[in-house]
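**Q** Could you have a look at this structure, given as structure tokens, before my questions?
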Amino acid sequence: MKKRIIQVCLIIALIVIAYIRISNEKSKPVKETRVALGTFVTIEISEKNPDNPVIVDSAFRLIAKYEKQFSPKEDYSEIIRINTSASREVEISYDLAELLQKSQEISELTQGAFDVTIGAVSQLYDFIDKTIPYPDEIKENLKHVDFTKLHLVGYTLIKDDPAIRLDIGAIGKGFIVDKVAECLISAGIRQAAINAGGDLYVLENENGEEWRIGIQHPRDDSTLWGYITLKNAAVATSGDYEKFFMKDGTRIHHIIDPKTGLPADKAVSVTVIAPDATTADALCTAVFVMGPEKGIQLVNQLDNIEALIIYEQDGKLMQCLSDGFMNYNYEDLSQT
Ligand code: AMP
Ligand code: MG
């Protein structure tokens, strides 16, 4: 009888140990990278939470939903529906209305350096076939690039020019990163980071402190230009190295100056820190177009926004920082 009791106790103890092991296993921090939004998206939850795998999975499902809705290529995406509609007025979703509202604000703020109607011109550049449009083609299509011809009345988008083509490539990723951050926060997560190909939103790190974030060197992808530290904020980088080809010694890249229809040439890379990733994403594209002088002047007028602009002068890479950039513990590795 005594032997039997010992056997039962041993079995129970083994079950308890196995249960504790399984639940510890489940409560590990998670870091998962998937291909999405035309880049690599990494979601990292640093705290131990048994729901981490489920939360990460639902975050990636949210990304997939937006990717479909906002795709510039997939038939029946909302963007395609608007771009192919001959009608002057189009009903749009709550999400897209929010995104376009923000787009228009950034366009006003940057006097059109950011323009979500750049689509008529940006679609002329082919980074796979490495072809550039003829000057006449650019001139003709530039007539349809003008954010002031786009109006939002509630959830109705009004296009004064039916040939307007939306391109949300400079703000969409940031918008989706913000939605993922909201999803994690509403699930009770406090220690996490989301990185969608250089558009980041970070909560706290595993110690409840700032994350240390590397800034890509624009001409050497094996090196970092520097580090900053950040928590509960966003950072985004726009660079002429992300999507480009060389033609007769000129770098043809994906950030277009809406005034000329040509790749913007005043900067090489721009990093913007902002309270949310939508703002950081849109502003870094705009500041890239504006260049170091006007770009830094604008950023210095804005609250809670900082920027690092890398540009080329006499064949050398130079940098210019906004007034409060050093508050993010900027470690400059560019001279080492
Ligand atoms: P980003 O990498 O965030 O700077 O975004 C670049 C993408 O935004 C390009 O691939 C285009 O789809 C689009 N884009 C290019 N130039 C502009 C511009 N001046 N304003 C708004 N969107 C732009
Ligand atoms: Mg952008």
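The values are calculated or read from the model by the stated rules, or taken from the named source; none is laboratory data. Values in this document were obtained by computation on a predicted structure and should not be read as measured data. Methodologically, a virtual Cβ is constructed for each residue, glycine included, from the backbone with ideal geometry; neighbour enumeration extends over all protein chains shown. Side chains included, ligands, DNA and RNA excluded: accessible areas come from the protein's heavy atoms. Shrake-Rupley method; radii C 1.70, N 1.55, O 1.52, S 1.80 Å.
**Q** Scan segment 324-335 and tell me whether some residue there is in a strand (DSSP E or B), out of contact with any helix residue (DSSP H, G or I) (no Cβ under 7 Å at 6 or more places or on another chain) and surrounded by fewer than 22 Cβ atoms within 10 Å (Cβ to Cβ). Before you say what the answer is, go through the steps one by one.
**A** If we filter segment 324-335 for residues that are in a strand (DSSP E or B), which is where we start, we get 331-332.
Next, only the ones that are out of contact with any helix residue (DSSP H, G or I) (no Cβ under 7 Å at 6 or more places or on another chain) stay: 331-332.
If we keep only those that are surrounded by fewer than 22 Cβ atoms within 10 Å (Cβ to Cβ) too, we end up with 331-332.
Checked segment 324-335: at least one residue is in a strand (DSSP E or B), out of contact with any helix residue (DSSP H, G or I) (no Cβ under 7 Å at 6 or more places or on another chain) and surrounded by fewer than 22 Cβ atoms within 10 Å (Cβ to Cβ).
**Q** Going residue by residue through segment 213-225, is there one that turns out to be crowded, with 22+ Cβ neighbours inside 10 Å, within 16 Å of ligand 2 (Cβ to nearest atom), of a type outside the set (D, E, K, R) and assigned to a strand (DSSP E or B)?
**A** Yes, segment 213-225 contains at least one residue that is crowded, with 22+ Cβ neighbours inside 10 Å, within 16 Å of ligand 2 (Cβ to nearest atom), of a type outside the set (D, E, K, R) and assigned to a strand (DSSP E or B).
**Q** While we're here: Which condition number in (1) surrounded by fewer than 17 Cβ atoms within 10 Å (Cβ to Cβ); (2) modelled with pLDDT of 95 or more is the one that VAL121 fails?
**A** Of (1) surrounded by fewer than 17 Cβ atoms within 10 Å (Cβ to Cβ); (2) modelled with pLDDT of 95 or more, only one is false for VAL121: (1).
**Q** Inspect all residues belonging to segment 129-149 and state whether any of them is open to solvent by 20 Å² or more (accessible area, probe 1.4 Å) and touching a Phe, Trp or Tyr at 6+ places or on another chain (Cβ under 6 Å). Give the steps one after another, and end with the answer.
**A** Filtering segment 129-149 down to residues open to solvent by 20 Å² or more (accessible area, probe 1.4 Å) leaves 129-132, 134-137, 139-144, 146-149.
Filter once more, so that each one left must be touching a Phe, Trp or Tyr at 6+ places or on another chain (Cβ under 6 Å): 130.
Within segment 129-149 (the criterion being open to solvent by 20 Å² or more (accessible area, probe 1.4 Å) and touching a Phe, Trp or Tyr at 6+ places or on another chain (Cβ under 6 Å)), the answer is yes, since at least one residue qualifies.
**Q** Additional query: Spot the failing condition for HIS151; the list is (1) in contact (Cβ under 8 Å) with a residue 60 or more places away in the chain; (2) touching a strand residue (DSSP E or B) at 6+ places or on another chain (Cβ under 6 Å), and only one is missed.
**A** (1)
**Q** Could you list, in sequence order, all residues of segment 241-256 that are in contact (Cβ under 8 Å) with a residue 40 or more places away in the chain and within 30 Å of ASN205 (Cα to Cα)?
**A** Once the filter is applied, which keeps residues that are in contact (Cβ under 8 Å) with a residue 40 or more places away in the chain and within 30 Å of ASN205 (Cα to Cα), segment 241-256 yields only GLU242.
**Q** Just give me the residues in segment 255-267 being within 16 Å of ligand 2 (Cβ to nearest atom) and closer than 14 Å to LEU124 by Cα, in sequence order.
**A** Correct list: ILE255, ILE256, ASP257, PRO258, PRO263.
**Q** Output the strands (runs of 3 or more DSSP E) that fall wholly within segment 241-292 and possess 3 or more residues being over 28 Å from GLU98 (Cα atoms), or say none.
**A** In segment 241-292, 244-247, 250-253 are the strands (runs of 3 or more DSSP E) which contain 3 or more residues that are over 28 Å from GLU98 (Cα atoms).
**Q** Oh, and also: Condition first: out of contact with any helix residue (DSSP H, G or I) (no Cβ under 7 Å at 6 or more places or on another chain), of a type outside the set (S, T, N, Q) and over 25 Å from ALA280 (Cα atoms). Now tell me which residues in segment 83-107 satisfy that.
**A** Once the filter is applied, which keeps residues that are out of contact with any helix residue (DSSP H, G or I) (no Cβ under 7 Å at 6 or more places or on another chain), of a type outside the set (S, T, N, Q) and over 25 Å from ALA280 (Cα atoms), segment 83-107 yields ALA86, ARG88, GLU89, GLU91.
**Q** I'd like to know if segment 302-309 contains one or more residues that are at pLDDT 95 or above, farther than 27 Å from LEU262 by Cβ, in contact with a helix residue (DSSP H, G or I) (Cβ under 7 Å, 6 or more places away or on another chain) and open to solvent by 60 Å² or more (accessible area, probe 1.4 Å).
**A** no
**Q** Follow-up. Yes or no: segment 182-197 includes at least one residue that is assigned to a helix (DSSP H, G or I), within 16 Å of ligand 1 (Cβ to nearest atom) and under 23 Å from VAL289 (Cα atoms).
**A** no
**Q** Counting only residues that are more than 16 Å from ligand 2 (Cβ to nearest atom), of a type in the set (A, V, I, L, M) and touching a residue at least 40 places away in the same chain (Cβ under 8 Å), how many does segment 188-212 have?
**A** Final tally of qualifying residues: 3.
**Q** If you don't mind, there's one more thing I want to ask. If you check VAL235, VAL289, VAL270, VAL299, which single one turns out to be of a type outside the set (D, E, K, R), under 16 Å from LEU109 (Cα atoms), within 14 Å of ligand 2 (Cβ to nearest atom) and buried (at least 19 other Cβ atoms within 10 Å of the Cβ)? Full working, then the answer.
**A** Numbers: VAL235 fails: under 16 Å from LEU109 (Cα atoms); VAL270 fails: under 16 Å from LEU109 (Cα atoms); VAL299 fails: within 14 Å of ligand 2 (Cβ to nearest atom).
The match here is VAL289.
**Q** Okay, moving on. Can PHE70 be described as closer than 20 Å to GLY154 by Cα, buried (at least 17 other Cβ atoms within 10 Å of the Cβ), within 13 Å of ligand 1 (Cβ to nearest atom) and in contact (Cβ under 8 Å) with a residue 24 or more places away in the chain?
**A** yes
**Q** Please indicate, with yes or no, whether at least one residue in segment 95-111 is of a type in the set (Lys, Arg) and more than 16 Å from ligand 2 (Cβ to nearest atom).
**A** no
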